[in-house]
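Everything on this sheet refers to the single structure shown next.
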Amino acid sequence: MTGIKEHIKDAGKKVRGTFHYLTSKKYTTLAGTMAFFLVMSVVPFLFWLTILFGRLNIDYEPIFELEIFREVKDLLVYFRDAAQSATTGASVILLITTLYSSTNLFYHMRRSGEIIYESKRRKGSIAVRMSALVLIFIVMLLSVVGVSAFLLGNSLLRRIFPSFLAQISVYALFGVFMFALILILNLYMCPYKVRAGNVVWGSLLTVLLGGLASFGFSIYATFSSMEKLYGAAVFLILFLLWLYLLMTCFVIGVIFNCHLLEQDKMRKIVHKKY
């Protein structure tokens, strides 16, 4: 009995220690910041994605049918259609401003990374903005390739496997795409030169937490009757809550990578002493 109590106390200390570490990294503030700039960047991003790659005549419906997008599907479709409509006769000023706006998320991701990793060397604003500009085109290319691969894989998997196995396989395929994207973002956010292997575990943690959080949020939205409280604005409120939840999972993954790197540095210091 005493052993069980000790294990419970140790578990409680670890939970408190983890929460204290996350709080010291300002994880909720950073998640809120990134959620805000994601909202501000999503339509400009889709706008430029349409300009560079065209409408592609892709049927996005299989993606929106995924359970994790159920509650925000209508708003995502609206954003996509608005971005595509805006490309018709777009002025030079609109092109420049949307390109600048689409880099805001990645710009603030990098700045957030400097806070999390407690970097003493901060890049200049122009350098960070230019790196964000390069990253946005990389992400656009990855998005087109990833979405195309997902839709092709989705079609094949549903023909090969029974319904239940096909659904699991489709989510696994989507998870692989998200892992690749999150891995790139983790590498970008780290202010130090690190290898992909240094940010793998935090990226996997983000995918796992994001998946669980999205399914949990879907269940919550189904039974919470939020439309009684927010009325017509319920879809926007749900979308913002969903993004904040996902950004929180993302930041936790980045902080986990930071923690692993800090531990690795400590081990190297101790090894040099002895």
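The values are calculated or read from the model by the stated rules, or taken from the named source; none is laboratory data. The structure presented is a predicted model; accordingly, all values stated were derived computationally and were not measured. Cβ atoms come from the backbone with ideal geometry, glycine included; neighbour counts cover every protein chain shown. We work out accessible area using only protein heavy atoms, side chains counted, and drop any ligands, DNA or RNA first. Shrake-Rupley method; radii C 1.70, N 1.55, O 1.52, S 1.80 Å.
Here the chain is treated with +1 on each Lys and Arg Cβ and -1 on each Asp and Glu Cβ, and its dipole about the Cα centre works out to around 1520 debye.
Across all directions, the average projected area of the convex hull around the alpha carbons of the chain is 20.3 nm². Using all pairs of distinct alpha-carbon atoms, the Kirkwood hydrodynamic radius of segment 8-80 works out to 15.8 angstrom. Considering helices alone, the calculated mean residue ellipticity of the chain at 222 nm is -28000 deg cm²/dmol, with DSSP H runs of length four and up weighted by -39500 (n - 2.57) and normalised per residue. Shape descriptor for segment 64-208: Rg over Rh equals 1.02 (Cα atoms; Rh from the Kirkwood inverse mean 1/r). Scoring 80-88, 112-120 by mean Cβ neighbours within 10 Å over their residues and listing the highest first yields 112-120, 80-88.
Report the normalised scattering of segment 136-274 as log10 I(q)/I(0) at q = 0.13 Å⁻¹, calculated by the Debye formula with identical scatterers on the alpha carbons. For segment 136-274, the Cα-only Debye profile gives -0.76. At full extension, Tyr100 and Ser125 could sit 7.7 nm farther apart than now, given 0.36 nm per residue minus the alpha carbon distance. In terms of the mean number of neighbouring beta-carbon atoms within 10 Å, the peptides 188-199, 8-19, 153-164 order highest first as 188-199, 153-164, 8-19.
Karplus-based coupling profile of segment 96-102, in residue order and whole Hz: 5, 5, 5, 5, 5, 5, 5, with θ = phi - 60° in 6.51 cos²θ - 1.76 cosθ + 1.60 and x standing for Gly or Pro.
Per residue, segment 46-193 exposes 54 Å² of solvent-accessible protein surface, assessed with a 1.4 angstrom probe and all protein chains in place. The listed peptides 123-134, 209-220, ordered by packing as a protection proxy, come out as 209-220, 123-134 (highest mean of other Cβ atoms within 10 Å first). Expressed as a whole percent, the proportion of Cα-Cα pairs in segment 16-144 lying more than 21 Å apart is 51%.
Full extension of the segment from Ile115 to Val200, taken as 0.36 nm per residue of separation minus the current Cα-Cα distance, would add 28.6 nm. Of the accessible area of the chain, computed with a 1.4 Å probe over protein heavy atoms only, carbon and sulfur atoms account for 69 percent.
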